[in-house]
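Chemist: Quick one: this structure, given as structure tokens, is what I'll be asking you about.
Nothing in this text is a laboratory measurement; each read-out follows from the coordinates by a stated rule. In this text, all values refer to a predicted model and were calculated from it rather than measured experimentally. No Cβ is skipped: glycine too gets one built from the backbone with ideal geometry, and neighbour counts run over all protein chains shown.
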Amino acid sequence: MRKLEFLAGLLCLFCIGGCDINSDSLEEENNVSTESPDNEQATSDADLNNYEAHEATGDYDWNNSEVNEIVFNGNSISENCDGASATGSILNISAGGTYQLNGTLTNGRVIVEATENDLVRLLLNNVEITNESSAPITIKSAEKVIVVLNKDTKNTITDGNSYQYDNTEKEEPNAALFSKTNLTVYGEGELYINANFNDAINCKDGLIVDCGKMNITSIDEGIRGKDYLIIKKGNFTIDSGGDGFKSDNDEDETRGYIKILTGDFNISAKGDAISACTDVLIEDGDYNLITSGTVTNTNGVSSKAIKSGINTIINSGNFIIETTEDAIHSDQTLAINGGTFTISANDDGIHTDYDLVINDGDFTVTKSYEAIECGTGNMYIYGGNFQLVASDDGINLAGDGDMMGGHGGPGGGWGGTTSSANYTIYLKPEKLAINAQGDGIDANGSVEVTDGIIIIHGPTGNGNGILDYDQTFIQNGGTLIAAGSSGMFQAPGSSSTQNCVAFGFSNTQSAGSLCHIQTSDGDALCTIKPEKNYSAFLYCSPDLKQGIEYNLYTGGSVTGSSFSGYYTDETYTAGTKQTSFSLSKTITGIQIN
């Protein structure tokens with residue numbers, strides 16, 4: 001399987017035939033190199049993923065005079081057309097053409113076995129097909145088959161809980177709607193599938209879905225396209241015992257991907273909600289994704305919301321995610337260019353094993369182990385609004401490991417132990433708020449902040465720190481406000497160009513006890529209401545100047561608007577004045593007894 005280096009700001013993905021990516025323009029627009037740390041040039045997955053000539057002009061156009069009418073009458077079938085024959089409740093289609101299916105077929109089958117040059121259309125016109133021991137619709141051969149859901153129709157397919165395979169060695173067919181060739185599900189009607197044996201739809205080739213409404217209940221996968229699964233639009237409700245959407249070709253690096261252009265998706269899965277062997281590419285849509293699988297280190301079950309083996313790229317959409325494991329996961333690279341995300345995850349909110357870039361979006365992580373985690377690579381947060389809650393680290397750059405080192409308190413000793421990892425977290429969000437029990441920002445490498453408002457609440461335990469970095473932390477812009485424990489305290493490094501002040505308290509301050517900094521003339525710089533108990537307070541801002549006298553207060557009261565406890569346009573009523581101070585260097589540490 002290929003290893004794609006990270007594509008920062010990949011904005012042109014979803015023209016179905018692919019698009020050209022200019023690496024120079026990417027660098028200019030995003031200020032990020034499109035080369036990986038080992039200087040291998042990035043390759044566009046939009047160029048690599050392809051679906052050949054699955055769709056062609058005229059696929060969705062036909063003359064009504066050429067439609068072959070077939071009527072299901074319970075246990076019998078009425079037909080009078082070339083290319084189709086019926087034996088009892090079994091309909092065999094052996095030639096290309098357009099066939100309209102009507103009525104109810106009890107314990108019957110539709111079998112397509114045409115030549116490799118034939119296009120077969122199956123028009124479902126208020127059809128109900130059941131079969132107790134095999135796939136109600138089986139497509140064995142054709143160039144491609146289009147299952148059409150006629151407008152204003154409701155169509156239902158139901159299988160039994162055990163199958164008698166046509167091919168025992170390959171265990172085929174194994175889905176209520178099964179195809180060994182390229183398949184398209186198209187039309188404005190409705191399709192209901194009750195898959196009591198295995199998958200609801202299983203295409204062993206490429207699968208395109210462009211439909212009105214689809215409602216699926218399945219023992220295993222909901223919709224599987226082996227080579228690719230392309231969703232153009234539709235309203236989907238899926239309750240699956242395995243994955244909701246799946247593409248699993250692991251033998252061809254240009255296959256095994258999922259592209260979603262838009263739609264309304266309600267997926268409840270015991271496996272992954274959306275799972276691709278290579279890439280997951282999402283343009284837009286509304287997503288309510290729930291995974292509930294029981295995951296251990298030994299059972300091999302994956303229960304993530306969105307998972308890719310190579311790239312996950314999301315351009316837009318509304319996502320509500322509740323998941324047993326990671327919410328959004330990539331085994332290699334991940335790019336998010338926009339969207340609204342509400343995430344509750346038993347593991348990580350957003351996780352990638354390699355590079356991660358977030359260019360825009362609104363992110364609310366109400367529950368996670370680590371809210372945002374990047375493995376062996378760089379993390380670029382170049383925009384977006386974030387409210388993150390984590391039981392461990394808020395943001396974590398693992399950098400080949402998860403090392404921790406001892407650090408001095410606010411009176412001195414800033415700068416962490418040295419790591420061999422040469423990866424960096426680049427931060428310039430619009431607003432980023434972190435509530436963490438572990439480290440607020442943890443980098444087994446370096447951190448660079450150039451813009452945005454960053455708020456950190458916690459940790460409270462001395463085994464973690466507000467900041468935990470192994471190489472450098474450079475604050476060259478933006479506002480950083482943090483309150484937490486002091487046992488492993490680190491401040492930004494002295495190579496920063498922006499002034500920072502750090503306070504250590506001998507007595508732990510209570511959660512909700514305000515920290516307020518103002519000039520000696522009474523001009524407010526910062527008012528924050530920490531969400532957790534704290535013994536260290538850190539403030540970095542372009543408003544903080546050397547040679548000016550400031551006062552630090554704790555307690556008191558405040559009115560005004562706030563973001564994660566950080567007030568703007570506030571009116572502050574003074575509490576206890578802790579100290580007066582002025583800055584003579586970039587990083588200043590003050591101990592308050």
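Chemist: Tell me whether segment 153-256 comes out rounded, prolate or oblate; compute the Cα gyration tensor, take square roots of the eigenvalues as a ≥ b ≥ c, and use a/c under 1.5 as the rounded threshold.
Modeler: Numbers: a/c = 1.70, a/b = 1.08, b/c = 1.58.
The shape class here is oblate.
Chemist: Suppose every Lys and Arg Cβ carries +1 and every Asp and Glu Cβ carries -1, with no other charges. What dipole size does segment 500-582 come out with about its Cα centre, to the nearest 20 debye?
Modeler: 280 debye
Chemist: Turning to a different aspect of this structure: Work out the charge dipole of the chain with +1 on the Cβ of Lys and Arg and -1 on the Cβ of Asp and Glu about the Cα centre, then indicate which of V110, N167, Q387 is farthest towards its positive end.
Modeler: Most positive-ward Cα: Q387.
Chemist: Which entries in K204/K270; K226/K367; K428/K529; K151/K304 show an alpha-carbon gap greater than 27 Å?
Modeler: Numbers: K204/K270 22 Å; K226/K367 33 Å; K428/K529 23 Å; K151/K304 34 Å.
In this structure, K226/K367; K151/K304 exceed 27 Å between Cα atoms.
Chemist: Relative to the Cα centre, what is the charge dipole magnitude of the chain, using +1 at the beta carbon of each Lys and Arg, -1 at the beta carbon of each Asp and Glu, and rounding to the nearest 20 debye?
Modeler: Numbers: 30 positive and 82 negative charges, 370 e Å.
That gives the chain a dipole magnitude of about 1780 debye.
Chemist: Within segment 240-288, which GluC sites (Glu not before Pro) sit in a loop by DSSP and count at most 12 neighbouring Cβ atoms inside 10 Å?
Modeler: Passing both the DSSP loop test and the Cβ count: E251.
Chemist: While we're looking at this one, here's another question. Given Cα positions, please report Rg to Rh for segment 52-226, the hydrodynamic radius being the Kirkwood one.
Modeler: On the way: Rg = 14.5 Å, Rh = 15.7 Å.
In segment 52-226, Rg relative to Rh is 0.92.
Chemist: A further question follows. Positive end of the charge dipole of segment 500-582 (Lys, Arg +1 and Asp, Glu -1 on Cβ, about the Cα centre): tell me which of T527, S562, S506 has its Cα farthest that way.
Modeler: S506
Chemist: Test of understanding: ordering S133, S564 by Cβ neighbours within 10 Å, fewest first, what list do you get? The partial results should precede the final answer.
Modeler: Numbers: S133 14, S564 21.
Going from sparsest to densest Cβ surroundings: S133, S564.
Chemist: Right, another one. Among S513, S486, S240, what is the fewest-to-most ranking by other Cβ atoms within 10 Å? Can you show the working numbers first?
Modeler: Values: S513 17, S486 24, S240 27.
In order of increasing Cβ crowding within 10 Å: S513, S486, S240.
Chemist: Rounded to the nearest Å, what's the spacing between the alpha carbon centres of segment 231-295 and segment 110-153? Just the number, please.
Modeler: The distance from the Cα centre of segment 231-295 to that of segment 110-153 comes to 23 Å.
Chemist: Of all DSSP beta bridges in segment 52-226, what percent run antiparallel (nearest 5)? Write out the running numbers ahead of the final one.
Modeler: On the way: 9 of 75 bridges.
The antiparallel fraction comes to roughly 10 percent.
Chemist: Considering the options H457, V67, Q475, tell which one lies farthest towards the positive end of the dipole of the chain, charges being +1 on Lys and Arg and -1 on Asp and Glu at the Cβ, about the Cα centre.
Modeler: The one lying farthest along the dipole's positive direction is H457.
Chemist: Report, in debye and to the nearest 20, how large the dipole of segment 52-226 comes out about its Cα centre when Lys and Arg carry +1 and Asp and Glu carry -1 on their Cβ.
Modeler: 300 debye
Chemist: Still on this structure, I have one more. Non-local amide H neighbours of G339 (under 5 Å, H modeled in plane, Pro and chain starts lacking H): which ones?
Modeler: Those qualifying (amide H under 5 Å, at least 5 residues apart or on another chain) are G317, G361, D362.
Chemist: So what are the ³J(HN,Hα) numbers for segment 179-192, from phi and the Karplus equation (6.51, -1.76, 1.60; θ = phi - 60°), rounded to whole Hz, Gly and Pro as x?
Modeler: Ordered by residue, 3J(HN,Hα) equals 9, 9, 10, 3, 10, 10, 10, 9, x, 8, x, 10, 10, 10 Hz.
Chemist: What is the calculated FRET efficiency for T573 to T460, with r their C-beta to C-beta distance and R₀ = 25 Å, to the nearest 0.05? Walk me through the intermediate numbers first.
Modeler: On the way: r = 27 Å, r/R0 = 1.07.
That gives a FRET efficiency of 0.40.
Chemist: Quick check on segment 500-582: what are the equivalent-ellipsoid semi-axes from the Cα gyration tensor, as sqrt(5λ), descending, whole Å? Intermediate values should be presented prior to the final figure.
Modeler: On the way: eigenvalues 63, 49, 29 Å².
Equivalent ellipsoid semi-axes, largest first: 18, 16, 12 Å.
Chemist: In whole Hz and in residue order, list the ³J(HN,Hα) couplings for segment 307-323 that follow from phi through the Karplus curve 6.51 cos²θ - 1.76 cosθ + 1.60, θ = phi - 60°; x for Gly and Pro.
Modeler: Ordered by residue, 3J(HN,Hα) equals 9, 10, x, 10, 10, 10, 10, 10, 8, 6, x, 10, 10, 10, 10, 10, 9 Hz.
Chemist: Add +1 for every Lys or Arg and -1 for every Asp or Glu among the other residues with Cβ under 14 Å from the Cβ of G493, and state the total.
Modeler: Working: positive: K585; negative: E448, D468, D470.
Computed value for this residue: -2.
Chemist: On to the next question. Whose amide H sits under 5 Å from the amide H of G445, counting only residues 5 or more places off or on another chain, with H placed in the peptide plane?
Modeler: Those qualifying (amide H under 5 Å, at least 5 residues apart or on another chain) are D470, Q471.
Chemist: Using DSSP, restrict attention to beta bridges with both residues in the chain and report what percent are antiparallel, rounded to the nearest 5.
Modeler: On the way: 42 of 229 bridges.
If we restrict to bridges inside the chain, about 20 percent are antiparallel.
Chemist: Order by neighbour count: F503, F563, fewest other Cβ atoms within 10 Å first, most last. Intermediate results must be reported in sequence, preceding the final value.
Modeler: Numbers: F503 26, F563 14.
Sorted ascending by nearby Cβ count, the order is F563, F503.
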